[in-house]
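J.: What follows is a single structure, and I will ask about it in a moment.
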Amino acid sequence: MTATAHVEACLSRIAARDGEIAAFLHVDAEGARARASALDAQPDRSAPLHGLTIAVKDNIAVAGQPLTAGSRMLAGYMPPRDATVVARLLAAGAVLVGKTNMDEFGMGSSTELSGFGPTRNPLDVTRVPGGSSGGSAAAVAADMAWAALGTDTGGSIRQPAAFCGLAGLKPTYGRVSRSGVVAYASSLDQVGPLARTVRHVARVYAVIAGRDPLDATSTDEPVSAVTWRADLAGLRIGVAREHLAAAEGLDADVKQRMEAALDALRTRGAVIVPVSLPHTRHAIAAYYLVATAEASANLSRYDGLRYGQRAPNPQTLDALYTHSRADALGKEVQRRILLGTFALSAGFQDAFYQKACRVRRKIADDFTQAWQSCDLLLGPTSPVPPWRLGEKVADPLAMYLMDAFTVGPSLAGLPALAVPVGVDSQRLPIGAQLIGRAFDEATILAVGDVLQRAFDPTLEVA
Ligand code: GLN
């Protein structure tokens, strides 16, 4: 197939379905067509992503395409350059189709908290696609793009991938450059791919991973190639008791799918090892303090002067700040700025922010302990299948609790991969989460590939 034919197929899907799904905030049809025909004219097609369409989450800068990060605050903003990850995709021959919808600044788990309206799950339009990279997941699930970039601070790649029946990788913290990515919580944010198969995810990952001098937190730890496996003989897969406990609100169908996943892995030679991550139940509290504290600092730049919308005719400087921020930032974003500012404020910093940092260390230590007896961990991505639009949007805490299993690896900086493992009794997709040692993406990708193909033997391996 030519790049042009592939791009036209994606654009037709967008024309046919995106009115209802709303995966995209911006579609660059002309840019994609021009790029495709330029690629088709090249004799050399050996670039790793030659002619493949990729949708980019709207908190990642693409030169010449508007960027909002899902916020009215940034409406009309045109980034002056490509994010490093975008430059790398282009150098690898990818075609960028557009920018995808997201919860405002990445704050949410359903994409209902976008300043520009919700995205719907293409597999069941009454349901959410997950979030915050819900637009990226929906675009791939609806065949509007071959793959997508998302960002993940506490689950935002893994959970929408799981909700839309896709694979999605949050790399190790420091593995992928954050340069040109709108900051939410800088000690947690990572960019990663979503795609139909683990192998496709691995292809995009190989292109974006690696040291970038523009991001001081990116590392030059070597990126090892994935060795694809036919079986898992000798591999030790840990299962944390806390990840299958009803106490975390685990849905019975999700639990049943995890047991099916473990059976499939055992059949292929893996040894299942019970482990414990005793601080799991404190992960949400620690995450929602650390993430909001960092967000309150990062979002202070949107003051109506240096960045963002400016309220008309303010009488004082304070009024300018207050009205610009109160008018242009959504309620959830304001709630988190307040929470984070409080957690950092003099007198409360020790009781909240510092304590959360200590809990974060304990959570990381739990994983280190687990690596004594296993090579990777398997558990659920989300405690529940995709819920209905509107079901949790008025209850912030109910929404936060949905991140119970994804925020732990984020706090510990570990790589984690969502892998589709079939559907529940209502035919809604369920995703397992594979968690790896730091910088060992190769193992979770190899195991994820075996796991995905166990549930879908017809899957192409290209
Ligand atoms: N749902 C989590 C939050 O709202 C994680 C979001 C993300 O990873 N960007 O913070």
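Computed from the coordinates by the stated procedures, all read-outs in this text should not be read as laboratory data. Fair warning: this is a prediction, and the values are worked out from it, not measured in the lab. Ideal geometry is used to build each Cβ from the backbone, glycine not excepted, and the neighbour counts take in all protein chains shown.
J.: What number goes with the only condition from (1) assigned to a helix (DSSP H, G or I); (2) out of contact with any strand residue (DSSP E or B) (no Cβ under 9 Å at 6 or more places or on another chain) that Ala346 does not pass?
T.: Every condition holds for Ala346 apart from (1).
J.: Among the residues of the range 285-304, is there at least one that is more than 15 Å from the ligand (Cβ to nearest atom), more than 28 Å from the chain's Cα centre (by Cα) and of a type outside the set (Val, Ile, Thr)?
T.: Checked the range 285-304: at least one residue is more than 15 Å from the ligand (Cβ to nearest atom), more than 28 Å from the chain's Cα centre (by Cα) and of a type outside the set (Val, Ile, Thr).
J.: Can you tell me how many residues in the range 150-170 are part of a loop (DSSP other than H, G, I, E, B) and within 13 Å of the ligand (Cβ to nearest atom)? Talk me through it step by step, then tell me what you get.
T.: If we filter the range 150-170 for residues that are part of a loop (DSSP other than H, G, I, E, B), which is where we start, we get 153-157, 164-166.
With within 13 Å of the ligand (Cβ to nearest atom) added as a condition, the list becomes 153-157.
Selection size over the range 150-170: 5.
J.: Considering only residues of the range 399-419 that are in contact with a strand residue (DSSP E or B) (Cβ under 6 Å, 6 or more places away or on another chain) and part of a loop (DSSP other than H, G, I, E, B), which is nearest to the ligand (Cβ to nearest atom)? It would help to see each step written out before you state the result.
T.: Applying the first criterion (in contact with a strand residue (DSSP E or B) (Cβ under 6 Å, 6 or more places away or on another chain)) to the range 399-419 yields 405, 409, 414-419.
The next check asks that each one be part of a loop (DSSP other than H, G, I, E, B); those that pass are 405, 414-415.
Numbers: Phe405: 12, Leu414: 14, Pro415: 14 Å.
This residue is Phe405.
J.: Does the range 366-385 contain at least one residue that is small (Gly, Ala, Ser) and exposed (fewer than 14 other Cβ atoms within 10 Å of the Cβ)?
T.: Step one: of the range 366-385, the residues small (Gly, Ala, Ser) are 370, 373, 379, 382.
From what is left, the residues that are exposed (fewer than 14 other Cβ atoms within 10 Å of the Cβ) are 373.
Looking for residues that are small (Gly, Ala, Ser) and exposed (fewer than 14 other Cβ atoms within 10 Å of the Cβ), one finds at least one in the range 366-385, hence yes.
J.: Follow-up question, since we're still on this one. Take the range 307-343 and flag every residue that is in a helix (DSSP H, G or I), surrounded by 15 or more Cβ atoms within 10 Å (Cβ to Cβ) and hydrophobic (A, V, I, L, M, F, W, C).
T.: Scanning the range 307-343 gives Leu320, Ala328, Val333, Ile337, Leu339, Phe342, Ala343.
J.: From the set of residues in the range 79-111 that are surrounded by fewer than 24 Cβ atoms within 10 Å (Cβ to Cβ) and part of a loop (DSSP other than H, G, I, E, B), which is nearest to the ligand (Cβ to nearest atom)?
T.: Of everything passing the filter in the range 79-111, Pro79 is nearest to the ligand (Cβ to nearest atom).
J.: Failed condition for Arg127, given (1) under 30 Å from Thr4 (Cα atoms); (2) among the basic types (Lys, Arg); (3) in contact with a Lys or Arg (Cβ under 8 Å, 6 or more places away or on another chain), with all others met?
T.: Unmet condition: (1).
J.: To continue, here is another question. Yes or no: the range 371-378 includes at least one residue that is without any contact (Cβ under 8 Å) to a residue 40 or more places away in the chain, among the charged types (D, E, K, R) and assigned to a loop (DSSP other than H, G, I, E, B). Let's see the steps before the verdict.
T.: Filtering the range 371-378 for residues without any contact (Cβ under 8 Å) to a residue 40 or more places away in the chain gives 372.
Of the ones still in play, those that are also among the charged types (D, E, K, R) are none.
Among the residues of the range 371-378, not one is without any contact (Cβ under 8 Å) to a residue 40 or more places away in the chain, among the charged types (D, E, K, R) and assigned to a loop (DSSP other than H, G, I, E, B), which makes the answer no.
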